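Accompanying notes for the structure given below.
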Amino acid sequence: MTTEYTASRTSLRTATVMVLFALGFTALMASMYGLTRPVIEASAQAARMSLVGEVLPASAYDNALLDDAVRLGLTPELGLPQGGLVYRARRNGQPAALVFEAGSNEGYAGRIDLVVAVLADGKTSGVRVVQHKETPGLGDYIDQRKDKNRSHPWITTFNGLSYAEVGAKGWRVRKDGGQFDSHTGATISARAVTNAVARVLDFEAAHRQRLYAAPPGSPL
């Protein structure tokens, strides 16, 4: 038996072992993914429902809200360069509220992501900042979790207001001639959120009927 033949058989065995190992590892990963996927999806769904619960009470609707959504494409007026979702809340089959994903690139430190719930009468049910990079201890009061005013967080000043009632000029921070307060030295953060909420309300008023009427899962 030649040295070349022996080396060839050794290489073949090594290659076979590596292929079998790769196949086994792939099968194991696929199996693990199949087992963990339901848990991951359930966790993500629970997180979404928890967030929705912060802006819209569960008593306001009786449908499977996460299954009743429309998909927005590029929507710069809502700060959604990649698109986003609008969840429809209904009660006894009637429109109850729309929950918007939205954002703003006007923050002091960059992008601010929001979720805004708008009742069927056009009034805000609640607003929450989901993600931001505003300065800790200064501009991060826009995030209820960071606001030191526990009894009346700044973000709740939007509750119960509509675009029509406040008016375009009113939907600004006081420094810009509007009605919304901001913390000294951190006006930019408040301005970004205030303007973003105003745009959501304006968009909701303009597209309300289409948003509620579109088939679930369809693009708007």
Run the paramagnetic zone check for Leu138: 7 angstrom along Cα to Cβ, then residues of region 176-196 with backbone nitrogen under 20 Å. 176, 181-194
What is the dipole size for region 59-213, taken about its Cα centre, with +1 at each Lys and Arg Cβ and -1 at each Asp and Glu Cβ, in debye to the nearest 20? 160 debye
Residues whose placed amide H lies under 5 Å from that of Tyr108, excluding near-sequence neighbours: Ser189
Contour minus Cα-Cα distance for Arg174 and Ala213 (0.36 nm per residue): 10.4 nm
Dipole of region 59-213 (Lys/Arg Cβ +1, Asp/Glu Cβ -1, origin at the Cα centre): which of Ser182, Leu161, Thr194 lies farthest to the positive side? Ser182
To one decimal place, what orientation-averaged projected area in nm² is obtained for the convex hull of the Cα set of region 161-205? 2.8 nm²
Out of all Cα-Cα pairs in region 100-220, roughly what percent, to the nearest whole number, are more than 18 Å apart? 50 percent
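Using the number of other C-beta atoms within 10 angstrom as an exposure proxy, rank Ile188, Ile112 with the fewest first.
The order, fewest Cβ neighbours first, is Ile188, Ile112.
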Rg [Å, one decimal], Dmax [Å, integer] - region 45-92, C-alpha atoms: 12.1, 34
Applying a 10 Å radius around every beta-carbon, put 191-202, 54-65 in order of their mean neighbour count, most first. 191-202, 54-65
Residue separation between Glu165 and Arg111 times 0.36 nm, minus their alpha-carbon distance, gives in nm 16.7 nm
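All of the numbers you see were taken from the coordinates with simple rules; none came from a lab. Worth saying up front: this structure is predicted, and the values here are computed from it rather than measured. No Cβ is skipped: glycine too gets one built from the backbone with ideal geometry, and neighbour counts run over all protein chains shown.
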